[in-house]
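Shown below is the structure under consideration.
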Amino acid sequence: AQTVTQSQPEMSVQEAETVTLSCTYDTSESDYYLFWYKQPPSRQMILVIRQEAYKQQNATENRFSVNFQKAAKSFSLKISDSQLGDAAMYFCAYRRGGGSNYKLTFGKGTLLTVNP
Amino acid sequence: NAGVTQTPKFRVLKTGQSMTLLCAQDMNHEYMYWYRQDPGMGLRLIHYSVGEGTTAKGEVPDGYNVSRLKKQNFLLGLESAAPSQTSVYFCASSYFPRLAVPTDTQYFGPGTRLTVL
(Lines give C-alpha, C1' and ligand atoms only; values in the text may rest on other atoms or scores of the structure.)
Protein backbone atom coordinates (compact mmCIF):
# COMPACT_ATOMS: atom_id res chain seq x y z
CA ALA A 1 0.00 0.00 0.00
CA GLN A 2 1.11 3.51 -0.68
CA THR A 3 2.05 5.71 2.24
CA VAL A 4 2.80 9.40 2.47
CA THR A 5 4.89 10.76 5.32
CA GLN A 6 5.23 14.37 6.38
CA SER A 7 7.84 14.41 9.11
CA GLN A 8 7.32 18.02 10.20
CA PRO A 9 4.08 18.48 12.18
CA GLU A 10 4.75 22.22 12.44
CA MET A 11 6.97 24.77 10.73
CA SER A 12 7.35 28.50 11.01
CA VAL A 13 8.83 31.13 8.73
CA GLN A 14 9.35 34.88 8.80
CA GLU A 15 7.39 36.91 6.32
CA ALA A 16 9.28 37.36 3.03
CA GLU A 17 11.60 34.43 3.73
CA THR A 18 11.70 30.96 2.22
CA VAL A 19 10.52 27.73 3.80
CA THR A 20 10.64 24.11 2.65
CA LEU A 21 8.12 21.48 3.69
CA SER A 22 9.15 17.84 3.46
CA CYS A 23 7.25 14.87 2.10
CA THR A 24 8.32 11.32 1.40
CA TYR A 25 6.24 8.54 -0.05
CA ASP A 26 6.43 4.84 -0.58
CA THR A 27 5.21 3.14 -3.73
CA SER A 28 6.13 0.36 -6.10
CA GLU A 29 4.36 2.07 -9.00
CA SER A 30 6.18 3.91 -11.77
CA ASP A 31 3.21 5.98 -12.92
CA TYR A 32 1.82 8.32 -10.31
CA TYR A 33 1.07 11.92 -9.39
CA LEU A 34 2.00 13.97 -6.39
CA PHE A 35 0.22 17.00 -4.99
CA TRP A 36 0.48 19.66 -2.35
CA TYR A 37 -2.79 20.95 -0.93
CA LYS A 38 -3.24 23.96 1.33
CA GLN A 39 -5.91 24.06 4.01
CA PRO A 40 -6.35 27.51 5.56
CA PRO A 41 -8.51 28.12 8.66
CA SER A 42 -11.55 28.19 6.38
CA ARG A 43 -10.91 24.42 6.06
CA GLN A 44 -11.31 24.31 2.29
CA MET A 45 -8.68 22.20 0.56
CA ILE A 46 -6.91 24.18 -2.15
CA LEU A 47 -4.60 22.60 -4.71
CA VAL A 48 -1.22 24.33 -4.63
CA ILE A 49 0.87 22.33 -7.06
CA ARG A 50 0.90 19.06 -8.97
CA GLN A 51 3.76 16.88 -10.25
CA GLU A 52 3.61 14.01 -12.70
CA ALA A 53 6.12 11.27 -11.87
CA TYR A 54 7.15 10.85 -15.51
CA LYS A 55 8.25 14.49 -15.74
CA GLN A 56 11.81 15.20 -14.66
CA GLN A 57 11.26 18.94 -14.50
CA ASN A 58 10.12 20.21 -11.13
CA ALA A 59 6.71 21.89 -11.11
CA THR A 60 6.44 25.58 -10.24
CA GLU A 61 3.48 27.84 -9.58
CA ASN A 62 4.50 31.42 -8.89
CA ARG A 63 6.11 31.44 -5.41
CA PHE A 64 5.58 27.70 -4.96
CA SER A 65 7.96 25.09 -6.34
CA VAL A 66 8.75 21.48 -5.65
CA ASN A 67 11.91 19.44 -5.43
CA PHE A 68 10.93 16.05 -6.82
CA GLN A 69 13.51 13.35 -6.24
CA LYS A 70 12.01 10.22 -7.75
CA ALA A 71 14.74 7.79 -6.75
CA ALA A 72 14.65 9.00 -3.17
CA LYS A 73 10.81 9.17 -3.22
CA SER A 74 10.93 12.68 -1.92
CA PHE A 75 8.63 15.58 -2.83
CA SER A 76 9.32 18.77 -0.93
CA LEU A 77 7.48 22.09 -1.31
CA LYS A 78 9.38 25.37 -1.31
CA ILE A 79 7.51 28.58 -0.60
CA SER A 80 9.46 31.69 -1.53
CA ASP A 81 8.79 35.22 -0.29
CA SER A 82 6.37 33.86 2.32
CA GLN A 83 3.23 35.88 2.93
CA LEU A 84 0.87 35.99 5.89
CA GLY A 85 -1.78 34.38 3.71
CA ASP A 86 0.41 31.32 3.28
CA ALA A 87 -0.27 30.34 6.88
CA ALA A 88 -2.21 27.08 6.70
CA MET A 89 -2.01 23.33 7.05
CA TYR A 90 -0.24 21.80 4.07
CA PHE A 91 -0.93 18.26 2.94
CA CYS A 92 1.16 16.17 0.59
CA ALA A 93 -0.85 13.64 -1.42
CA TYR A 94 -0.18 10.74 -3.78
CA ARG A 95 -2.31 9.27 -6.53
CA ARG A 96 -1.51 6.22 -8.59
CA GLY A 97 -1.57 6.71 -12.35
CA GLY A 98 -3.85 4.94 -14.80
CA GLY A 99 -7.31 5.60 -16.16
CA SER A 100 -9.47 4.50 -13.26
CA ASN A 101 -7.21 5.32 -10.37
CA TYR A 102 -8.81 8.01 -8.33
CA LYS A 103 -7.77 7.57 -4.72
CA LEU A 104 -5.65 10.24 -3.08
CA THR A 105 -3.48 9.14 -0.19
CA PHE A 106 -2.70 12.03 2.13
CA GLY A 107 0.05 12.68 4.62
CA LYS A 108 -0.86 13.90 8.09
CA GLY A 109 -0.06 17.50 7.28
CA THR A 110 2.35 20.25 8.28
CA LEU A 111 1.04 23.34 10.03
CA LEU A 112 2.83 26.40 8.68
CA THR A 113 2.94 29.61 10.70
CA VAL A 114 4.09 32.84 9.06
CA ASN A 115 5.47 35.42 11.47
CA PRO A 116 5.23 39.12 10.59
CA ASN B 1 -19.57 28.65 -11.01
CA ALA B 2 -20.01 27.75 -7.36
CA GLY B 3 -17.64 24.78 -7.65
CA VAL B 4 -18.25 22.19 -4.94
CA THR B 5 -20.74 23.06 -2.21
CA GLN B 6 -21.65 21.12 0.92
CA THR B 7 -24.74 21.23 3.09
CA PRO B 8 -24.85 21.69 6.06
CA LYS B 9 -21.68 23.42 7.29
CA PHE B 10 -22.15 22.29 10.91
CA ARG B 11 -24.27 19.68 12.61
CA VAL B 12 -24.59 18.18 16.07
CA LEU B 13 -26.22 14.76 16.42
CA LYS B 14 -27.03 12.46 19.28
CA THR B 15 -25.83 8.88 19.17
CA GLY B 16 -28.20 6.79 17.09
CA GLN B 17 -29.63 9.64 15.05
CA SER B 18 -29.42 9.66 11.29
CA MET B 19 -28.55 12.38 8.83
CA THR B 20 -27.56 13.02 5.23
CA LEU B 21 -24.80 15.28 4.00
CA LEU B 22 -25.29 16.76 0.55
CA CYS B 23 -22.53 17.54 -1.90
CA ALA B 24 -23.22 19.38 -5.15
CA GLN B 25 -20.87 20.31 -7.99
CA ASP B 26 -21.54 22.39 -11.09
CA MET B 27 -18.42 21.48 -13.09
CA ASN B 28 -19.91 18.43 -14.82
CA HIS B 29 -17.36 16.18 -13.11
CA GLU B 30 -17.80 12.46 -13.43
CA TYR B 31 -15.98 11.47 -10.24
CA MET B 32 -17.05 12.45 -6.74
CA TYR B 33 -15.61 11.54 -3.35
CA TRP B 34 -16.33 11.74 0.35
CA TYR B 35 -13.43 12.09 2.80
CA ARG B 36 -13.24 12.47 6.52
CA GLN B 37 -10.56 14.45 8.31
CA ASP B 38 -9.60 13.69 11.88
CA PRO B 39 -6.91 15.43 13.95
CA GLY B 40 -3.45 14.10 13.13
CA MET B 41 -4.84 11.70 10.50
CA GLY B 42 -4.95 13.62 7.24
CA LEU B 43 -7.89 12.87 4.95
CA ARG B 44 -9.26 9.39 4.45
CA LEU B 45 -11.54 8.28 1.63
CA ILE B 46 -14.96 7.00 2.76
CA HIS B 47 -16.77 6.32 -0.52
CA TYR B 48 -16.50 7.48 -4.08
CA SER B 49 -18.44 7.46 -7.33
CA VAL B 50 -17.20 7.22 -10.90
CA GLY B 51 -20.50 8.24 -12.44
CA GLU B 52 -24.23 8.68 -12.00
CA GLY B 53 -25.77 5.62 -10.41
CA THR B 54 -22.44 4.09 -9.31
CA THR B 55 -20.75 4.07 -5.90
CA ALA B 56 -17.85 2.20 -4.36
CA LYS B 57 -16.16 1.81 -1.00
CA GLY B 58 -13.05 3.67 -0.06
CA GLU B 59 -10.69 3.27 2.85
CA VAL B 60 -13.11 3.73 5.78
CA PRO B 61 -16.66 2.94 4.56
CA ASP B 62 -18.18 1.31 7.64
CA GLY B 63 -21.15 3.14 9.12
CA TYR B 64 -21.77 5.22 5.98
CA ASN B 65 -23.87 4.87 2.87
CA VAL B 66 -23.84 6.96 -0.28
CA SER B 67 -25.97 7.59 -3.33
CA ARG B 68 -25.38 9.30 -6.67
CA LEU B 69 -28.80 9.59 -8.29
CA LYS B 70 -27.81 12.70 -10.24
CA LYS B 71 -24.42 13.44 -11.75
CA GLN B 72 -24.08 16.71 -9.86
CA ASN B 73 -25.01 15.39 -6.41
CA PHE B 74 -23.36 12.92 -4.06
CA LEU B 75 -25.06 12.15 -0.76
CA LEU B 76 -23.40 10.72 2.35
CA GLY B 77 -25.69 9.10 4.87
CA LEU B 78 -25.19 8.09 8.49
CA GLU B 79 -27.97 5.69 9.49
CA SER B 80 -27.10 5.47 13.19
CA ALA B 81 -24.50 8.03 14.20
CA ALA B 82 -21.75 7.09 16.64
CA PRO B 83 -19.28 9.33 18.52
CA SER B 84 -16.48 7.83 16.42
CA GLN B 85 -18.03 9.58 13.43
CA THR B 86 -17.32 12.99 14.89
CA SER B 87 -15.14 14.52 12.20
CA VAL B 88 -14.90 17.06 9.43
CA TYR B 89 -16.29 15.71 6.18
CA PHE B 90 -15.06 16.86 2.79
CA CYS B 91 -16.58 16.26 -0.58
CA ALA B 92 -14.48 16.48 -3.74
CA SER B 93 -14.96 16.01 -7.46
CA SER B 94 -12.80 15.51 -10.53
CA TYR B 95 -12.98 14.76 -14.23
CA PHE B 96 -12.78 11.27 -15.63
CA PRO B 97 -9.32 10.95 -17.14
CA ARG B 98 -9.14 11.68 -20.83
CA LEU B 99 -6.34 12.97 -22.99
CA ALA B 100 -7.53 16.52 -23.54
CA VAL B 101 -8.69 17.19 -20.00
CA PRO B 102 -6.67 17.53 -16.80
CA THR B 103 -7.38 14.29 -15.10
CA ASP B 104 -6.63 13.99 -11.51
CA THR B 105 -6.99 17.36 -9.86
CA GLN B 106 -9.64 17.05 -7.18
CA TYR B 107 -11.73 20.07 -6.27
CA PHE B 108 -12.80 20.18 -2.66
CA GLY B 109 -15.83 21.64 -0.94
CA PRO B 110 -15.60 23.75 2.24
CA GLY B 111 -16.29 20.86 4.61
CA THR B 112 -18.96 19.90 7.14
CA ARG B 113 -18.12 19.73 10.83
CA LEU B 114 -20.12 16.95 12.45
CA THR B 115 -20.24 16.28 16.17
CA VAL B 116 -21.91 13.17 17.56
CA LEU B 117 -22.67 13.30 21.27
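Residues checked against (1) aliphatic (A, V, I, L, M); (2) more than 29 Å from A:Asn115 (Cβ to Cβ):
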| position | (1), (2) |
| --- | --- |
| A:Met11 | yes, no |
| A:Asp26 | no, yes |
| A:Ser30 | no, yes |
| A:Trp36 | no, no |
| A:Ile49 | yes, no |
| A:Gln56 | no, yes |
| A:Phe68 | no, no |
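Please give the number of the condition B:Pro61 fails out of (1) within 18 Å of B:Pro8 (Cβ to Cβ); (2) at pLDDT 95 or above.
(1)
Restricting segment A:32-51 to residues that are of a type outside the set (Ser, Thr, Tyr) and within 9 Å of chain B (Cβ to nearest Cβ), which is farthest from B:Pro39 (Cα to Cα)? First the steps, then the outcome.
Start the filter on segment A:32-51 by keeping residues that are of a type outside the set (Ser, Thr, Tyr), which leaves A:34-36, A:38-41, A:43-51.
Narrowing further to those that are within 9 Å of chain B (Cβ to nearest Cβ): A:35, A:39, A:43-47, A:50.
Values: A:Phe35: 20, A:Gln39: 13, A:Arg43: 13, A:Gln44: 15, A:Met45: 15, A:Ile46: 18, A:Leu47: 20, A:Arg50: 24 Å.
Across segment A:32-51, the extreme among qualifying residues is A:Arg50.
Select from segment A:1-17 the residues that are in contact (Cβ under 8 Å) with a residue 24 or more places away in the chain, open to solvent by 80 Å² or more (accessible area, probe 1.4 Å) and within 15 Å of the chain's Cα centre (by Cα) and list them in ascending order.
Listed by number, the residues that qualify are A:Pro9, A:Glu10.
Given the criterion farther than 26 Å from B:Ser87 by Cβ and crowded, with 19+ Cβ neighbours inside 10 Å, identify the matching residue among A:Tyr37, A:Tyr54, A:Tyr32.
It is A:Tyr32.
Could you pull out the residue among B:Gly51, B:Gly3 that is surrounded by fewer than 17 Cβ atoms within 10 Å (Cβ to Cβ), within 20 Å of A:Phe35 (Cβ to Cβ), in contact (Cβ under 8 Å) with a residue 12 or more places away in the chain and within 13 Å of another protein chain (Cβ to nearest Cβ)?
B:Gly3
Take segment B:32-43 and flag every residue that is part of a strand (DSSP E or B) and either closer than 15 Å to A:Cys92 by Cα or modelled with pLDDT under 90 (or both).
Scanning segment B:32-43 gives B:Gln37, B:Gly42, B:Leu43.
Out of contact with any Pro (no Cβ under 7 Å at 6 or more places or on another chain), open to solvent by 30 Å² or more (accessible area, probe 1.4 Å) and within 9 Å of chain A (Cβ to nearest Cβ): is that true of B:Val60 in this structure?
Answer is no for this residue.
The values are calculated or read from the model by the stated rules, or taken from the named source; none is laboratory data. As the structure is a computational prediction, the values presented were derived from the model and not from experiment. With ideal geometry, Cβ positions are generated from the backbone for all residues, glycine too; neighbour counts draw on all protein chains shown. What goes into the accessible areas is simple: the full protein's heavy atoms, side chains included, and nothing from ligands, DNA or RNA. Shrake-Rupley method; radii C 1.70, N 1.55, O 1.52, S 1.80 Å.
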